[in-house]
Amino acid sequence: MPIQSPDSRSFPLPAYTLVPQGPSDGHTDMETPEAIIARAHERGRELKLPYAGALLPKEAHALMCALPESKLVDVRSRAELECVGRIPDSVAIEWNRWPNSHRNLDFISEFEASVDKNATVMLLCRSGVRSHHAAVALAANGYSRAYNILQGFEGDKDPNGQRNLLGGWRAAGLPWKQG
């Protein structure tokens, strides 16, 4: 089922975003970065993504720890980072500008100033929609190792319409701090 993105384009919501991560998510602390990347590539092929692939939050965190040259780039607005929380050691580059939510027309140039084109780049937003579109844009601009983090920081809405319980970085118990 397609979901509507902030820029009025849609993309199919992957089934992976509906599965909370836990002990049975297939991830082990002993898993190699190569195995994680291979799984992300496979997801990318399954979802027909125009960028390198799709990671689950725990996989992205494992890559951050194992590959110090990798970059987790948070594309949420400054307000979200300050009010909702941020991930330590991440790079913040807004996809949409605060406070008007207009597209950041300098996104690519800001990205190029902050992140090497050869780096493994993991993109995160609230739920995986904006980061998907950022990954598409980056792949079109020569970033061949751009990955979207499925479920994002807050995860999907639960049956009560609330986030932070069904998937996402925070629900996975990964490091973050209040802004």
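The values are calculated or read from the model by the stated rules, or taken from the named source; none is laboratory data. Everything quoted here is computed from the prediction, not taken from an experiment. Neighbour counts are summed over all protein chains in view; Cβ atoms, including those assigned to glycine, are modelled from backbone coordinates with ideal geometry. Just so you know, the surface numbers come from the protein's heavy atoms only, side chains and all, with ligands and any DNA or RNA stripped out. Shrake-Rupley method; radii C 1.70, N 1.55, O 1.52, S 1.80 Å.
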### Query
Got at least one residue in region 127-146 being in a strand (DSSP E or B) and under 24 Å from R45 (Cβ atoms)?
yes
### Count of residues meeting criterion [out of contact with any Phe, Trp or Tyr (no Cβ under 6 Å at 6 or more places or on another chain) and either open to solvent by 20 Å² or more (accessible area, probe 1.4 Å) or more than 21 Å from N141 (Cα to Cα) (or both)] in region 57-106
33
### Message
Just the residues that are open to solvent by 60 Å² or more (accessible area, probe 1.4 Å) and on the phi > 0 side of the Ramachandran plot, please, taken from region 161-179.
### Response
G173
### Query
Can you find a residue in region 115-134 that is surrounded by fewer than 17 Cβ atoms within 10 Å (Cβ to Cβ), under 23 Å from D156 (Cβ atoms) and modelled with pLDDT of 95 or more?
no
#### Entry: Options V91, V75; residue that is modelled with pLDDT of 95 or more, farther than 21 Å from R163 by Cα and not polar (S, T, N, Q)
V91
### Query
(1) in contact with a helix residue (DSSP H, G or I) (Cβ under 7 Å, 6 or more places away or on another chain); (2) open to solvent by 10 Å² or more (accessible area, probe 1.4 Å); (3) hydroxyl-bearing (S, T, Y): which one isn't true of S109, the others all being true?
(1)
### Task
Take region 112-126 and flag every residue that is in a loop (DSSP other than H, G, I, E, B), touching a helix residue (DSSP H, G or I) at 6+ places or on another chain (Cβ under 7 Å) and more than 16 Å from E80 (Cα to Cα).
T120
